[in-house]
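The block underneath contains the structure these notes are about, expressed in structure tokens.
The values are calculated or read from the model by the stated rules, or taken from the named source; none is laboratory data. Bear in mind that the values here come from a model prediction, so they are computed numbers and not experimental data. Reconstructed Cβ throughout: ideal geometry from the backbone, glycine too, with neighbour counts over all protein chains shown.
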Amino acid sequence: MTQFLFYFLSFVAVSAGLMVITAKNPVHSVLYLIIAFFAIAGHYILLNAQFLAIVHIIVYAGAIMVLFLSVIMLLNLNKDNEPAKSNVLKLAAVVAAGLLLVTFSGTLKGTESIIASQPFDDQIGYVKALGKVLFNDFLLPFEVSALLLLSAIIGAVVLVKHDLK
Amino acid sequence: MFTPDLIFKVILILSIFVITLVIAMYSTYGERKVAAFMQDRLGPNRAGIFGILQPLADGVKMFMKEELIPDISNKVLFILGPCLAMTTALMTSAIIPWGSNINIAGTDFSLQVTDLNIGVLYVFAVTSIGVYGIMIGGWASNNKYSLLGALRASSQMISYEIAMGLAIIALIMSTGTLSLKEISAAQAGFHWNIFVQPLGFLIFIICSFAETNRAPFDLPECETELVGGYHTEYSSMKLGFYLFAEYINMFIASAVISTLYFGGYNFPFMNSIGLSSNAVAILGVVFLFAKIFFFIFFFMWVRWTIPRFRYDQLMRLGWTVLIPLAIFNILLTGAIIFATNN
């Protein structure tokens, strides 16, 4: 059952991901991306990481993609007014994507030994366990990321306020 | 395969589904009667005694009307919009504890479809994806008024979600759990959360009004500015779905408010009146529904009392009043917890 669900969700995620880049209409792309996010949230639930799954849906599907969608709806993008991209830009994009692929494969290559040394704990995704880990073992990174988010909020306010002297 | 537990769950799910639809149906009737009462009119009184068959007549009318799909709109998304609005409206009912355990032939059955470890966050997630039905419908209509309604809906819901989430954080701090079952059980008798979190409740109910697009926050379908808002182009039962989803949302929001702040299925002196546990459980369900009906009435009461906000007033209220107030509430809750623990 779990294995079937895994393959089903992976199929949905990968095909939705492909549709994001092949869809002609930007609004359709955004909607496919939302489907991909839901499939990934399903993967988290399969790993018993309920908290991560629901936060993933709240933050990505519920907030960021809504903003994306409203911006794209307002811009009214279509083929006619899309600026033509130069060949240099295309080449740069290919190189960047290829480098990302190298990074990903390098990261994922060593995971088998990690899985063997640290067996899967099905309690880790629950709120209580996660909270304890975050506030005991990883307090400094947690606070630093909170600071990062705070600076992003302040930055957004500064950008919006033109008359701020 | 067909364990008693599974059969009970299926019956529970189906009955919650039917009850939700019936309550949403009669909320439309109730709203018109409440409006009539407040404006010193009679309200619907032609179909059946006291007009009690009016929702059925409305339903038949909705199904019989001609169905129009605008020529240049995106057909798939145009149909997907109302379907999504309806689905997300119905999803939250899965985790609301409608009562405590009921004992049939020696086995305990929980009157809650599923108790998620992350209960409150699930409610929050469903609310936050609820906006897609409106946005997709509004965009696919290919109409400026619809698009404006959809954009208003999305920015309004995102803005009020923040204050709502912050109000919930303060509640979680004082209850110490995310599970709705445990939150309900902790309020046994008369230990309702409203006495612990009055400010949080105030923020939460204001945000509920905004999230359900009810007056005074019904800007996405503001008739005086936007014709019909996001559902301008919709007709027949697709329009019916949007209107229906609003009433289901109102019912679910009332159920969530009752569960989180008003004790859920608990009622005063529930353990000292000396009834059997089954009788207490059934009485608890009755009390929960009484609370829900009160809040549905409250939603209507506000709608026919307070005039609609202007859009900039709505945004200012959300960002400069409710969010700071919610953060203050979190600090206050934290200070009180710190003081009582030492």
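Brief remarks follow.
- When the criteria are applied in full, residue B:235 meets the requirement of being small (Gly, Ala, Ser), more than 18 Å from residue B:124 (Cα to Cα) and at pLDDT below 85.
- Residue check for residue B:266: in contact (Cβ under 8 Å) with a residue 60 or more places away in the chain and either surrounded by fewer than 20 Cβ atoms within 10 Å (Cβ to Cβ) or in a helix (DSSP H, G or I) (or both): no
- Those residues of segment B:59-74 which are part of a helix (DSSP H, G or I) and touching a Leu at 6+ places or on another chain (Cβ under 9 Å), in sequence order: B:62
- Residue list for segment B:102-124, filter: within 24 Å of the chain's Cα centre (by Cα) and either part of a helix (DSSP H, G or I) or more than 8 Å from every other protein chain (Cβ to nearest Cβ) (or both): B:110, B:111, B:112, B:113, B:114, B:115, B:119, B:120, B:121, B:122, B:123, B:124
- Checking each residue of segment B:187-198 against the condition of being of a type in the set (Gly, Ala, Ser), farther than 17 Å from residue B:287 by Cβ and either more than 14 Å from chain A (Cβ to nearest Cβ) or buried (at least 17 other Cβ atoms within 10 Å of the Cβ) (or both) gives no match.
- On inspection, residue A:108 fails the criterion of being surrounded by 10 or more Cβ atoms within 10 Å (Cβ to Cβ), aliphatic (A, V, I, L, M), under 23 Å from the mean Cα position of the chain (by Cα) and assigned to a helix (DSSP H, G or I).
- Listed by position, the helices (runs of 4 or more DSSP H) inside segment B:125-186 whose residues that are at pLDDT 85 or above, away from every other protein chain (no Cβ under 11 Å) and under 19 Å from residue A:128 (Cα atoms) number at least 2 are B:144-175.
- Number of positions in segment B:83-101 that are more than 12 Å from the chain's Cα centre (by Cα) and in a helix (DSSP H, G or I): 7
- Condition check for residue B:327: part of a helix (DSSP H, G or I), of a type outside the set (Ser, Thr, Tyr) and more than 20 Å from the chain's Cα centre (by Cα): yes
- Scanning segment B:187-219 for residues that are assigned to a helix (DSSP H, G or I) and β-branched (Val, Ile, Thr) gives B:194, B:203, B:205, B:206.
- Unmet requirement for residue B:77, which otherwise passes all of (1) in a helix (DSSP H, G or I); (2) within 29 Å of residue B:12 (Cβ to Cβ); (3) within 12 Å of another protein chain (Cβ to nearest Cβ): (2)
- Residue check, residue B:55 in contact (Cβ under 8 Å) with a residue 40 or more places away in the chain and under 22 Å from residue B:235 (Cβ atoms): no
- Residues located in segment B:289-317, provided they are farther than 26 Å from residue B:162 by Cβ and of a type in the set (D, E, K, R): B:291
- Those residues of segment A:25-65 which are more than 12 Å from chain B (Cβ to nearest Cβ) and not in a helix (DSSP H, G or I), in sequence order: A:47
- Selection count, segment B:139-155, where residues are surrounded by 24 or more Cβ atoms within 10 Å (Cβ to Cβ) and under 27 Å from residue B:320 (Cβ atoms): 4
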